[in-house]
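A.B. asks: Quick one: the structure is below, and I'll ask about it shortly.
The values are calculated or read from the model by the stated rules, or taken from the named source; none is laboratory data. A quick note: this is a predicted structure, and the numbers were derived from the prediction, not measured. Cβ placement follows ideal geometry from the backbone for every residue including glycine, while neighbour counts extend to all protein chains displayed. Ligands, DNA and RNA are excluded from the accessible area calculation, which covers all protein heavy atoms including side chains. Shrake-Rupley method; radii C 1.70, N 1.55, O 1.52, S 1.80 Å.
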Amino acid sequence: MSQRIRATALLAAATLAMAGIGTIASTSAQAATGCKVDYAISSQWGGGFGANVTVTNLGDPLTSWTVGWTFTSGQKLTQAWNATATQTGSTVSARDVGYNGALRTGGTASFGFNASWSGSNPVPAQFTVNGVACTGSAGTSTPTPTQTPTQTPTPTPTTTTTPPPPTGTTPLAINGQLKVCGVNLCNQYGKPIQLRGVSTHGLQWFPACYNTTSLNTLANDWKADVLRIAMYVNEDGYVTNPAGFTAKVNDLVDQAESRGMYSIIDFHTLTPGDPNANLQNAKTFFANVAARNSAKKNVIYEIANEPNGVSWDQIRTYANQVIPIIRAADPDAVIIVGTRGWSSLGVSNGSSSAEIVANPIAFSNIMYTFHFYAASHYDNYRNEVRNAASKLPIFVTEFGTTSATGGGTVDIGSSTTWLDLLDSLKISYVNWTYSDADESSAAFKPGTCSGSSYGTGQLTQSGQFVRSRIMTADSFPTS
Ligand code: IDC
């Protein structure tokens, strides 16, 4: 049996740029830094113990590493392997031994040590890597003093056990941890499900729309399964205040969870269309939110809203760098990858899903984004979704009942055809937007969010239609 602690942290730095006459203040991400340390006591006997430590790099590539922690006064290092470890007072530092110093993003290195102890033998509460604190999703545990080195470790089960029946009736309580199986989104019982819900508008523009009353209405009256948290990156979003927007996203994850809803953390890239332009921001942001939310079952990560003006290869390059950062901190979450041509599976750029099928993302538990606006996108897009749905796991993380501008005529006929198609294919969908923006795609009339009611009297034509589609009974098989 081993005692284990995980500590995860990320330190994001922003610099102030000063240029020319006057002052221009802007944020720009420096090299992303972050770390996770797993510390496992492998054996413990009267007065001594052995431990294995694994460090995971959640930031940019490192050429060397030093892990630091604090021992209690009774704990004394005696020997280390695969690291050069020293102890000064109660401060321990363990440095790589050359060959294991290089750590790519998401990469790990392990070392071990023996030490003596007296009094008690706690697991250190905190670690640093190259001076950066690893804090975050820590689970603490205290070693059992009666453990002896002769004890045989309990074998890790190799087969997955069926989870017990749900103990609640919310979408989250029934479905639990989601997983991609084949081309479907599946619940904890391995059964395909469809989630239906809404997207926020830009958090920078409509913060007033996401409050206790509006979110209660969404969960209890609309009976939504999922809330997409649209965090614009540019357009006055994340880059203007990384810590503030990260905190806002985390708060909405909690708000969704407490109401039994899933949440999609949407890194809402729009302009520039090449997600690689925001690679450092994405690494910093996702290292943070994945570490903070790793123990939750209601989080889905959407790593790039609408890539545009870029090839599928460039999107893959981006995804291949961001996915390991999320996986290092939150290994079991579903990750959704944006597609070419504003997440049209390539169609809006004269391409198709064939480029994805030929060259998919080489990670498991991945879905691909499709977006549509019912008054702009008709049969040729539907045919592509029908065709792709038998080959790729697809998630409609954004659709509008209107034109792609977010305004114009609400096309109920086309919207109905679209949602009937998605229902028949069990493809999950999320409506743009649950807001009172002064545009026809918004679900509420302008001014709603400065009042106190989100009732049916406040709904727009689009809001009435979308609510009527989302509130119908779900089908969530449990056996
Ligand atoms: C639109 C908003 C609009 C805002 C604009 C900013 O509805 O109020 O001024 O963004 O550029 C998308 C994007 C989404 C767009 C939406 C409607 O993901 O950000 O929101 N849309 O244009 N893709 C297709 C349509």
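A.B. asks: Being under 37 Å from the mean Cα position of the chain (by Cα) and at pLDDT below 90 is the filter here; which residues of segment 45-80 pass it?
C.D. replies: Thr56, Asn57, Leu58, Gly59, Asp60, Pro61, Leu62
A.B. asks: Can you tell me which residue in segment 180-203 is nearest to Asp236 (Cα to Cα), limited to those that are among the hydroxyl-bearing types (Ser, Thr, Tyr) and assigned to a loop (DSSP other than H, G, I, E, B)? Please lay out each step first, then the result.
C.D. replies: We begin by selecting, within segment 180-203, every residue among the hydroxyl-bearing types (Ser, Thr, Tyr); these are 189, 199-200.
Of the ones still in play, those that are also assigned to a loop (DSSP other than H, G, I, E, B) are 189, 200.
Details: Tyr189: 41, Thr200: 16 Å.
Among residues in segment 180-203 that are among the hydroxyl-bearing types (Ser, Thr, Tyr) and assigned to a loop (DSSP other than H, G, I, E, B), the one nearest to Asp236 (Cα to Cα) is Thr200.
A.B. asks: To continue, here is another question. With Gly413, Gly408 as the choices, which residue is away from the ligand (no atom under 16 Å from the Cβ), without any contact (Cβ under 8 Å) to a residue 60 or more places away in the chain and farther than 19 Å from Gly197 by Cβ?
C.D. replies: Details: Gly408 fails: away from the ligand (no atom under 16 Å from the Cβ).
Only one candidate passes the filter, namely Gly413.
A.B. asks: Out of everything in segment 33-82 that is open to solvent by 50 Å² or more (accessible area, probe 1.4 Å) and among the small types (Gly, Ala, Ser), what residue ends up being nearest to Ile326 (Cα to Cα)?
C.D. replies: Within segment 33-82, the match that is nearest to Ile326 (Cα to Cα) is Ser42.
A.B. asks: Confirm whether Ser376 is within 16 Å of the ligand (Cβ to nearest atom) and assigned to a loop (DSSP other than H, G, I, E, B).
C.D. replies: yes
A.B. asks: Then there's this: Please enumerate the residues belonging to segment 428-447 that are open to solvent by 10 Å² or more (accessible area, probe 1.4 Å) and within 22 Å of Leu345 (Cα to Cα). I'd like the intermediate steps shown before the answer.
C.D. replies: Here is the first cut: in segment 428-447, the ones open to solvent by 10 Å² or more (accessible area, probe 1.4 Å) are 432, 436, 438-440, 445-447.
Passing the criteria: only Trp432.
A.B. asks: Looking only at segment 276-289, count how many residues are touching a Phe, Trp or Tyr at 6+ places or on another chain (Cβ under 9 Å) and farther than 19 Å from Leu203 by Cβ. Give the steps one after another, and end with the answer.
C.D. replies: In the first step, residues of segment 276-289 are kept if they are touching a Phe, Trp or Tyr at 6+ places or on another chain (Cβ under 9 Å); the result is 276, 278-279, 281-282, 285-286, 289.
Retained after the next criterion (residues that are farther than 19 Å from Leu203 by Cβ): 276, 279.
Residues flagged as touching a Phe, Trp or Tyr at 6+ places or on another chain (Cβ under 9 Å) and farther than 19 Å from Leu203 by Cβ within segment 276-289 amount to 2.
A.B. asks: Here is a list: Asp330, Asp266. Which entry is open to solvent by less than 10 Å² (accessible area, probe 1.4 Å) and within 16 Å of the ligand (Cβ to nearest atom)? Even if it seems obvious, please write down each step before you answer.
C.D. replies: Working: Asp330 fails: within 16 Å of the ligand (Cβ to nearest atom).
Selected residue: Asp266, the only one of Asp330, Asp266 that is open to solvent by less than 10 Å² (accessible area, probe 1.4 Å) and within 16 Å of the ligand (Cβ to nearest atom).
A.B. asks: May I pose another question? Please tell me if Glu235 is of a type in the set (Asp, Glu), part of a helix (DSSP H, G or I), out of contact with any Asp or Glu (no Cβ under 8 Å at 6 or more places or on another chain) and touching a residue at least 12 places away in the same chain (Cβ under 8 Å).
C.D. replies: For Glu235, the condition - of a type in the set (Asp, Glu), part of a helix (DSSP H, G or I), out of contact with any Asp or Glu (no Cβ under 8 Å at 6 or more places or on another chain) and touching a residue at least 12 places away in the same chain (Cβ under 8 Å) - is not met.
A.B. asks: Now a separate question. Can you name the number of the only condition in (1) at pLDDT below 95; (2) open to solvent by less than 50 Å² (accessible area, probe 1.4 Å); (3) in a loop (DSSP other than H, G, I, E, B) that Ala133 fails?
C.D. replies: Here Ala133 meets the rest and fails (3).
A.B. asks: Right, here's the next one. Taking only pairs six or more apart or across chains, which ones have beta-carbon atoms under 8 Å, a first residue in segment 179-208 that is under 11 Å from Phe476 (Cβ atoms), and a second residue that is surrounded by fewer than 17 Cβ atoms within 10 Å (Cβ to Cβ) and among the hydrophobic types (A, V, I, L, M, F, W, C)?
C.D. replies: Listed by first residue and then by second, the contacts come to Pro192/Cys181.
Okay, residues lined up against (1) on the phi > 0 side of the Ramachandran plot; (2) open to solvent by less than 10 Å² (accessible area, probe 1.4 Å); (3) out of contact with any helix residue (DSSP H, G or I) (no Cβ under 9 Å at 6 or more places or on another chain):
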| position | (1), (2), (3) |
| --- | --- |
| Leu252 | no, yes, no |
| Glu257 | no, no, no |
| Leu270 | no, no, no |
| Gln280 | no, no, yes |
| Ala291 | no, yes, no |
| Lys297 | no, no, no |
| Tyr301 | no, yes, no |
| Ala304 | no, yes, no |
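A.B. asks: Specify which of the listed residues (Gln151, Gln177) is out of contact with any Leu (no Cβ under 6 Å at 6 or more places or on another chain) and either assigned to a strand (DSSP E or B) or at pLDDT 95 or above (or both).
C.D. replies: Values: Gln151 fails: either assigned to a strand (DSSP E or B) or at pLDDT 95 or above (or both).
Gln177 is the lone residue from the list that is out of contact with any Leu (no Cβ under 6 Å at 6 or more places or on another chain) and either assigned to a strand (DSSP E or B) or at pLDDT 95 or above (or both).
A.B. asks: Run down Tyr368, Tyr381 and say which single residue is assigned to a strand (DSSP E or B) and within 16 Å of the ligand (Cβ to nearest atom). Outline the logic, then answer.
C.D. replies: Details: Tyr381 fails: assigned to a strand (DSSP E or B).
Within the list Tyr368, Tyr381, the selection yields Tyr368.
A.B. asks: Would you pick out the residues in segment 333-352 that are within 16 Å of the ligand (Cβ to nearest atom), touching a strand residue (DSSP E or B) at 6+ places or on another chain (Cβ under 7 Å) and not in a loop (DSSP other than H, G, I, E, B)? Even if it seems obvious, please write down each step before you answer.
C.D. replies: Taking segment 333-352 first, the residues within 16 Å of the ligand (Cβ to nearest atom) are 336-349.
Imposing the further condition that a residue be touching a strand residue (DSSP E or B) at 6+ places or on another chain (Cβ under 7 Å) reduces the set to 336-339, 342-345.
Result: Ile336, Val337, Trp342, Ser343.
A.B. asks: Also, quick follow-up: Exactly one condition in (1) free of Cβ contacts under 8 Å to residues at least 12 places away in the same chain; (2) surrounded by 19 or more Cβ atoms within 10 Å (Cβ to Cβ) is false for Ile229; which is it?
C.D. replies: In the conditions (1) free of Cβ contacts under 8 Å to residues at least 12 places away in the same chain; (2) surrounded by 19 or more Cβ atoms within 10 Å (Cβ to Cβ), Ile229 misses (1) alone.
A.B. asks: Tell me whether segment 265-278 contains one or more residues that are assigned to a helix (DSSP H, G or I) and under 14 Å from Tyr301 (Cβ atoms).
C.D. replies: Within segment 265-278, the first condition is being assigned to a helix (DSSP H, G or I), and the residues that meet it are 275-278.
Now restrict to residues that are under 14 Å from Tyr301 (Cβ atoms): 275.
Scanning segment 265-278 turns up at least one residue that is assigned to a helix (DSSP H, G or I) and under 14 Å from Tyr301 (Cβ atoms).
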